[in-house]
Amino acid sequence: EDIMEHSLALLIDAENISAKYINLITDEANKKGKLNYRRVYGDWTTPQIGKWKKACTDYALTPVQQFSTVSGKSSSDFSLVIDAMDILNSGKVDGFVIVSSDSDFTKLITRLNEDNMTLLGMGEEKTPSSLVSSYNDFIYLDKLYSLQEEENEEERIEEEKKPPKKSNGRKKDTTSIT
C-alpha cells in the first residue's frame, strides 16, 4: 500500500505535549501519509506553550487559539474535537494523527474508527491504556525521544574515540609578514 495515498490531519494538543517532540511528531506522521492539515491547539497567551510558536513557523503548523476561561482546565480539547469532526465530514482526509496523552480524546478516536479512518496516536507513557488501545497505532514520544537521545550520545562518544585527523604533512606557516 502506498502511504502517500493517505491524506491526513495532524492535530496537536499543545497544552498536553511538549514542543521538543515536534521533529519526531512530523517524522512519524509523514511516514503514514501526506499531512493536509497541521494544527496546534492551545491558549497562545500562556507562557507554557511559548515554545510551540517557533515550531509553528518551522513546521508550517497552524496555531488555533482557545482562551482558557477556567484555570487548570484544557480549553483547547473541544476545539480539537470540533475541528476533527468538521475535517472528517469534509471528506478531504482518510486519516488522523492526534497528538495528546489526554484520555478525553478516547471517544473521538472511537468515533473516527467508526468511519474507517487511519488513526495514529502519539503521546507520552502517561497516556491511559483506554486511549492507546483505541488507535490503530500509538507512538510513545517520550520513549522514542529517549532512544534518539541515547543514540545521539553513543554517536558522540564514538566520534570522540576516533583518533584525530592527521595533517597533510605540510607545516603551517606561522610567520607573519609585517
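Does S18 fit the bill of being under 24 Å from E125 (Cβ atoms), hydroxyl-bearing (S, T, Y) and open to solvent by 10 Å² or more (accessible area, probe 1.4 Å)? Can you show your working first?
Working: under 24 Å from E125 (Cβ atoms): yes; hydroxyl-bearing (S, T, Y): yes; open to solvent by 10 Å² or more (accessible area, probe 1.4 Å): yes.
Taking the combined requirement at face value, the residue satisfies it.
Which of the numbered conditions does V99 fail, given that it passes all the others? Conditions: (1) modelled with pLDDT under 90; (2) β-branched (V, I, T); (3) closer than 21 Å to Y140 by Cβ.
Only one criterion is unmet by V99, namely (1).
Go through (1) modelled with pLDDT of 85 or more; (2) open to solvent by 90 Å² or more (accessible area, probe 1.4 Å) for D173 and report which single condition fails.
(1)
Quick one: what pairs do we get from segment 33-53, first residue open to solvent by 90 Å² or more (accessible area, probe 1.4 Å), second assigned to a helix (DSSP H, G or I) and not small (G, A, S), C-beta under 8 Å, 6+ apart or different chains?
Correct list of pairs: K34/M4; K51/K20.
Which of the residues spanning segment 123-167 are part of a helix (DSSP H, G or I), surrounded by 10 or more Cβ atoms within 10 Å (Cβ to Cβ) and of a type in the set (A, V, I, L, M, F, W, C)?
The answer is L131, V132, L141, L144, L147.
The values are calculated or read from the model by the stated rules, or taken from the named source; none is laboratory data. The structure presented is a predicted model; accordingly, all values stated were derived computationally and were not measured. No Cβ is skipped: glycine too gets one built from the backbone with ideal geometry, and neighbour counts run over all protein chains shown. Calculation scope for accessible area: heavy atoms of the full protein, side chains included, ligands and nucleic acids excluded. Shrake-Rupley method; radii C 1.70, N 1.55, O 1.52, S 1.80 Å.
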